[in-house]
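Peer 1: This is the structure I have questions about; it appears just below.
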Amino acid sequence: MTKTIRLSLFSIVFLAACSGGDAADGPDMVVLTPEAGSYDDVSYSPDGTRLAFTRRNGGDDGLWVADLDGSNAARLTPTAGNVGGVDWAPDGRRLAYAQSSGGPPSIWAVSVDGDSARRLSNWVSGSPQHSPDGTQLMFFALRNNQPGVWIMPVDGGSPAQVMEDDDVRVVDARWSPDGSRMAFMVSEEGRTRVAAYHPDGGALTPLSTEGYECCPEWSPDGSELLFQSRRTGLGDIWAVSADGGAPRQLTRDIRNDWGPRYSRDGRWIVFHSERGGQDDVWLMPVGGGDGEARRVSNDAAEEWDATWTPDGTGITYVRSEQVSHLFRVPVEGGSAEQLTFGEEDDFAPRLSPDGSTLAFGAERAGFDKIFLLPAAGGEPTVLVESTSDNWNPRWSPDGTRIAFQSSRGGVNGIWVLSVSGDDPVRISTEGFDAFDPVWSPDGSRIAFVSATGDGGQKPMVVPAAGGEAVVLADMEFTAGPEWSPDGGSIAFVSFEDEGRGGRRIYRAPADGSGEPVLLTGDQDAFQHSWSPDGSRIAYAATTDEEARSDIWVMNADGSGKRQLTTDPATDLAPRWTPDGSHVYFRTRRNGSWDIAQVPAAGGEVRMVYVSPMNVFQPRLSPDGAYYYFGAVPTDNEIVTVNVQHLLEE
């Protein structure tokens, strides 16, 4: 029997008549948020009577609270902007969160009674977390060119850095249940490990030593921690005593497992796994063992952000049946043509130089793989397939080779292979994460961003055939290298801490022979693109207190800055048309991420493609006739599953 009850803003849909049915029927599912929108960051109040979540609808993000039956729903954040990282204060009277509007996030707090939201930090910051006694707020921040974990009074004030050490980067911190210790993910020498620390002093206690490990989660009694590890090449869940010792492996499946959380009584662990062919929710006893794991969700949907209900009998998580696929649309506007199909994600399309073939990433059987597809559509063929993730393909200028990122060996590295799939070669330094490969115009070199032994991320250039890499700038954190059309310079973004965000665009000689030159001054600038003739650079820059971004253009030496867009919506990711006359970009001015175009000399913005889908990574065909892009519908929902009969088996 199916029974539907309408309650206020939300509907609660009972998919099974009772909670004590046969286990073969599956756990009972209750849909809490079937209204249109995308939902995330679900969390219960400390007393278990209310639910907080973020909701995006029509391009407008908000933080909401509601009673457990869906009644008394109320929006807490009145201003638009991306909201995430929500954390309840221990007394349940307010929430801390990170908010941004196309630019860098900062920490905010708001009362559940609806008082005005208040900004607590002007730094680039996120992931706020209240101390167990409610007096302090811990958060991740970028400060003085260095990321770290900071603590400040819960009502704001002067933050203090936790464990200041130039040789160690601390991220993903977690308070112990009694507030006496913290668990960290620390980055040292290009590897990540889990460690514990006493904030009132004392030495850092390493809890894992193999590297490529993250995301510590305390047990309810504070005696041990769960963490994720790629030490075997795949993602597994491990446990370790909070005082140190030999970790023990809890899952050993050939697919990735992640996101473990203890039940409130400490007897069970809920986690996510790809072992069923898509992201599902699984349950296992605290002792671990794949033979004991039980599947909670089993459908074509993707699930994430699993958490326990207050009474411990259910699991709440975000569920989405939508997947991303590749599309193309005429530049002059019109209907989009879908190029890929199926129940798993396709993403990051890149056209070959002659415009005949798309290289793209796709999730298949639990791994990201690289495929080739005729640009007009057809049957894709796999180019890169392995028992690791491979993504972000980039064509060489002559169309004979492809650079890509791969997690093979446990570290994200840059690889190159021929379009026939032969002879893959790693060109980034072994043992260090590397990102953003970009070919030089003549195809002889590749620029990329690499982690370094001192914990930073620096722009580098390496011969495309492999060899010694040249560091272009001795800066802590950089991203997005882009070659000038003549191959003589590289523009990149450096993350600094000056005002809001602190992203700056620099230009450096591509052979590493000179110092970088700041192009954007005090602007918070990012996502840049060279004009085809190399005389100008288009970029996105934040323009107001809400960190909304607009499209700008400047001369290649940083002079002559001009603002091209002024809409209240967020505009991002500018790219030039082949003749240099226009700049196209992503925009949210119609409620979803769409494609628009503006004259490079300034003028009226023209919407090229508007739909209910979110468009990402649009690319123009070499002849300028089509946009190719990935897209995914925006809606998902929050559901609760009753797992009582699974726990009683």
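Peer 1: Apply 1/(1 + (r/R0)^6) to the Cβ-Cβ distance of residue 47 and residue 518, taking R0 = 45 Å, and write down the FRET efficiency to the nearest 0.05.
Peer 2: Details: r = 51 Å, r/R0 = 1.13.
The computed FRET efficiency comes out at 0.30.
Peer 1: Please give, to one decimal in nm, the separation of the simple spin-label points placed at residue 161 and residue 35, each 7 Å out from Cα toward the Cβ.
Peer 2: 4.4
Peer 1: Contact order normalised by length for region 345-469, with contacts defined as Cα pairs under 8 Å and 6 or more residues apart; what percent is it?
Peer 2: Rounded, it is 15 percent for region 345-469.
Peer 1: Please give the charge dipole size of region 416-481, origin at the Cα centre, charges +1 on K and R Cβ atoms and -1 on D and E Cβ atoms. Round to the nearest 20 debye.
Peer 2: Using only the charged Cβ atoms, the result is roughly 100 debye.
Peer 1: Would you work out which of 449, 413, 640 lies farthest towards the positive end of the dipole of the chain, given +1 charges on the beta-carbon of Lys and Arg and -1 on that of Asp and Glu, about the Cα centre?
Peer 2: So the residue we want is 449.
Peer 1: To continue, here is another question. If you stretched the chain out fully between residue 122 and residue 563, how much longer would it get, using 0.36 nm times the residue separation minus the C-alpha to C-alpha distance?
Peer 2: Stretched out fully, the residue 122 to residue 563 stretch lengthens by 156.3 nm.
Peer 1: Sticking with this one: Give the carbon-plus-sulfur fraction of the accessible surface of the chain in %, rounded to a whole number; probe 1.4 Å, heavy atoms of protein chains only.
Peer 2: 48
Peer 1: Now, a different point. Convex hull volume of the Cα atoms in the chain, per residue, in Å³?
Peer 2: 152
Peer 1: Right, next: Can you compute the helix-only [θ] at 222 nm over the chain? Use -39500 (n - 2.57) per DSSP H run of at least 4 residues, normalise by all residues, nearest 500 deg cm²/dmol.
Peer 2: Calculated from helices alone, the mean residue ellipticity at 222 nm is 0 deg cm²/dmol.
Peer 1: Under the definition of Cα pairs under 8 Å and six or more residues apart, what whole-number percent is the relative contact order of the chain? Don't skip to the end; give the middle numbers.
Peer 2: On the way: 1894 pairs, mean separation 70.7, N = 649.
Computed over the chain, the figure is 11 percent.
Peer 1: Is there a quick way to get the dipole size of the chain? I mean about its Cα centre, with the Cβ of Lys and Arg at +1 and of Asp and Glu at -1; what is the value in debye to the nearest 20?
Peer 2: I would put it at about 800 debye.
Peer 1: With a 10 Å radius around each residue's Cβ, average the other Cβ atoms per peptide and rank 126-134, 554-562, highest first.
Peer 2: 126-134, 554-562
Peer 1: Quote to one decimal, in nm, the extra length available between residue 337 and residue 579 on full extension: 0.36 nm per residue of separation minus the C-alpha distance between them.
Peer 2: 84.6 nm
Peer 1: Same structure again: In Å and on Cα atoms, what radius of gyration and Dmax does region 354-485 show?
Peer 2: So, for region 354-485, Rg and Dmax equal 14.7, 46 Å respectively.
Peer 1: When ranked by the protection proxy of mean other Cβ atoms within 10 Å per residue, highest first, what sequence do the peptides 593-604, 89-100 form?
Peer 2: 89-100, 593-604
Peer 1: For the chain, with the dipole built from +1 on Lys and Arg beta-carbon atoms and -1 on Asp and Glu ones, taken about the Cα centre, which of 495, 89, 209 lies farthest toward the positive end?
Peer 2: 495
Peer 1: I would also like to ask the following. For a quick protection proxy, order the peptides 401-413, 340-352 by their average other-Cβ count within 10 Å, most packed first.
Peer 2: Listed from highest to lowest mean packing, they are 401-413, 340-352.
Peer 1: I'd like to know which of 390, 617, 534 lies farthest towards the positive end of the charge dipole of the chain, counting +1 on Cβ of Lys and Arg and -1 on Cβ of Asp and Glu.
Peer 2: 534
Peer 1: On a full-extension model of 0.36 nm per residue, what is the gain between residue 356 and residue 71, subtracting their alpha-carbon distance, rounded to one decimal in nm?
Peer 2: Answer, rounded to one decimal: 97.2 nm.
Peer 1: If you don't mind, another one. Roughly how many nanometres apart are two label points built 7 Å out from the Cα toward the Cβ at residue 205 and residue 292?
Peer 2: 2.4
The values are calculated or read from the model by the stated rules, or taken from the named source; none is laboratory data. Owing to the predicted nature of the structure, the values given are computational and were not obtained by experimental measurement. Please note: Cβ atoms are built from the backbone with ideal geometry, for glycine as well, and neighbour counts cover all protein chains shown. Each accessible area value is taken on the protein alone, full model and side chains, heavy atoms only, with ligands, DNA and RNA left out. Shrake-Rupley method; radii C 1.70, N 1.55, O 1.52, S 1.80 Å.
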